[in-house]
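The values are calculated or read from the model by the stated rules, or taken from the named source; none is laboratory data. This one's a predicted model, so the numbers in the text were calculated from it and none came from an experiment. No Cβ is skipped: glycine too gets one built from the backbone with ideal geometry, and neighbour counts run over all protein chains shown. Each accessible area value is taken on the protein alone, full model and side chains, heavy atoms only, with ligands, DNA and RNA left out. Shrake-Rupley method; radii C 1.70, N 1.55, O 1.52, S 1.80 Å.
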There are 2 protein chains.
Amino acid sequence: MASKINVRFLGTSAQIPSPNRNHTSILLTYKEENILIDCGEGTQTQFRKAKLNPGKITKILITHIHGDHTFGLPGLLSTLSFNEYKKTLHIYGPRGIKEYMKEFLGLFGIEKSYKIEVHEITKSGKFFDNKEFELHSEKMQHGIPTNAYFFKIKDKLRINKGKIKKSKLPNGPLLKKLIEGKDITYEKKKYKNKDLTYLENGKKISFVLDTLYNDKIIPFVKNSNLLICDSSFSSELKQQAKDHLHLTSEQDGMIAKKSKSEKLILTHISQRYEHKTKELLEDAKKHFKQVEVAKDLGEFII
Amino acid sequence: MASKINVRFLGTSAQIPSPNRNHTSILLTYKEENILIDCGEGTQTQFRKAKLNPGKITKILITHIHGDHTFGLPGLLSTLSFNEYKKTLHIYGPRGIKEYMKEFLGLFGIEKSYKIEVHEITKSGKFFDNKEFELHSEKMQHGIPTNAYFFKIKDKLRINKGKIKKSKLPNGPLLKKLIEGKDITYEKKKYKNKDLTYLENGKKISFVLDTLYNDKIIPFVKNSNLLICDSSFSSELKQQAKDHLHLTSEQDGMIAKKSKSEKLILTHISQRYEHKTKELLEDAKKHFKQVEVAKDLGEFII
């Protein structure tokens, strides 16, 4: 059984927070990895409300430097220092993030118990990988440099246990060869790799926050198990969405359908829809049924 | 009947916020005046929770530029702009506040619909007054430039209505002369001002946040109707309080007693006391009985 990916919505509001929706921040947890996507004002308090420890954060991905996605950074980074965070904190963001963070850290004079490495992602594609997973980015359109991101567990060859049992192959180095993709020989008999293994597709979680609709989105988020999208407006206000460089929930539904994604979560919810998120939901459902509106502290396990 | 002063605690935590205590911020409302004292992260959300409109703020007083007292400014100032605030916003703070706000506003590129005037208070004493009230500051000791503040309604001569009725003096210009402090003559009879008026003492609300105990505090807060004090530690941890340049709740009680204040409110509450604020209360009560521990969104009407 593969490890689970946990996606926790710490904040789900658009530009102005409400009593029930904090500014944007999402925590993705996979094994020891804790990746924070955006960090709106109040994120550290949301960690406390969710009974999560911000000291476990390993990476922060910033989609763009608008305040509703970043004004929680000074407080969070100060608190990490106060709590004697000891890791190197990796912060990734679009063009300009290095200069922003440099001025930012200088201004706030945050006394740090730890090292911060800021990575400017200026190209589309993979920007991080290890044995377990990959992180990819794509450029979006929101007036200032803006990235979409996805997290993907690597595809893995897995042993077909039933077939191994039948074949009476022994445990050990031979099976290891199989998951490395090799064919094997046992007691003079040849076994083909493809007959005894299957490919487990790594789960993919995509984050498309503030952006105007553009042609890069669908190929980028293709086959997402969880697709998280900016839903600042319903299609009733599609001209306003366009003017403000945001997606509509109908566009989100269309993206989910065309990208063959499994599940769509609408977030970045304006106070306009505080008591009528149904409107956003119905709008997305014109194209795609497996959709939910994110709630603060809401959790999805993939 | 004099107008009431309303003091609303928007945030009451020490350095690290908790699910129930946001970072420090207090709103003082008197007639059309809305004065915010400090602006920790999340203050704009606390306004929403309290169903208050941040667009009514007239002045912001910053005690010192530590993050737990200021990291709510970028979000609040952005939201005011988004909501088309049209007044001139006056921000007061200790030495260094001008440079801080200049870098701060530059970094965050807040698009402003309004003018901000930053006032650096480098001297002790009165720094603002109008017909209605005065604002005073005093220098505190907290490692960086730090001010304590008080708000005081001006003392006013009031007509003693009972005595006026007996005297049969007519309404109008004569009574106006009385509240200007003058003696009057009516139908050849002389009336002394002091016999027909009384002095109404203006209410005084004092804010002594992060500071080491020092001799300036008691004379500064003398005769406060409401005295709000840093209560980061109980006296059990008095050495720690001293090391971190904070007051203890016992010192707060002693200050309230010696300054002949009417009521004491303890705030800047550490998560250490989350479930034992009684300890702080008992500590203050060694000297002064009229004491409460502030709660987020708690309100005092004076």
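Assorted remarks:
- Matching residues in the stretch B:4-48 - criterion: being farther than 21 Å from A:Gly40 by Cα and free of Cβ contacts under 8 Å to residues at least 60 places away in the same chain: B:Leu27, B:Thr29, B:Glu32, B:Asn34, B:Leu36
- A residue that is of a type in the set (Lys, Arg), farther than 22 Å from A:Ile97 by Cβ, open to solvent by 60 Å² or more (accessible area, probe 1.4 Å) and assigned to a loop (DSSP other than H, G, I, E, B) occurs somewhere in the stretch A:154-174.
- For the stretch A:51-64, filtering for residues that are open to solvent by less than 10 Å² (accessible area, probe 1.4 Å) and either facing chain B (nearest Cβ under 10 Å) or farther than 20 Å from A:Lys86 by Cα (or both) leaves 3.
- Within the stretch A:17-48, the set of residues being in contact with a strand residue (DSSP E or B) (Cβ under 9 Å, 6 or more places away or on another chain), surrounded by fewer than 24 Cβ atoms within 10 Å (Cβ to Cβ) and within 12 Å of chain B (Cβ to nearest Cβ) comprises A:Ser18, A:Asn20.
- When B:Pro94, B:Pro74 are checked against the criterion of being within 9 Å of chain A (Cβ to nearest Cβ), out of contact with any Asp or Glu (no Cβ under 7 Å at 6 or more places or on another chain) and open to solvent by less than 10 Å² (accessible area, probe 1.4 Å), B:Pro74 stands alone in meeting it.
- From the list B:Asn83, B:Asn130, the lone residue that is within 13 Å of another protein chain (Cβ to nearest Cβ), open to solvent by 40 Å² or more (accessible area, probe 1.4 Å) and of a type outside the set (A, V, I, L, M, F, W, C) is B:Asn83.
- Selection status of B:Lys115, more than 14 Å from every other protein chain (Cβ to nearest Cβ) and modelled with pLDDT of 95 or more: no
- Within the stretch A:231-248, the set of residues being part of a helix (DSSP H, G or I) and either in contact with a His (Cβ under 9 Å, 6 or more places away or on another chain) or surrounded by 24 or more Cβ atoms within 10 Å (Cβ to Cβ) (or both) comprises just one member, A:Gln240.
- Inter-residue pairs, beta-carbon under 7 Å, first in contact (Cβ under 8 Å) with a residue 24 or more places away in the chain and more than 14 Å from B:Gly253 (Cα to Cα) and in the stretch B:201-222, second open to solvent by 60 Å² or more (accessible area, probe 1.4 Å) and part of a helix (DSSP H, G or I), 6+ apart: B:Leu212/B:Lys242
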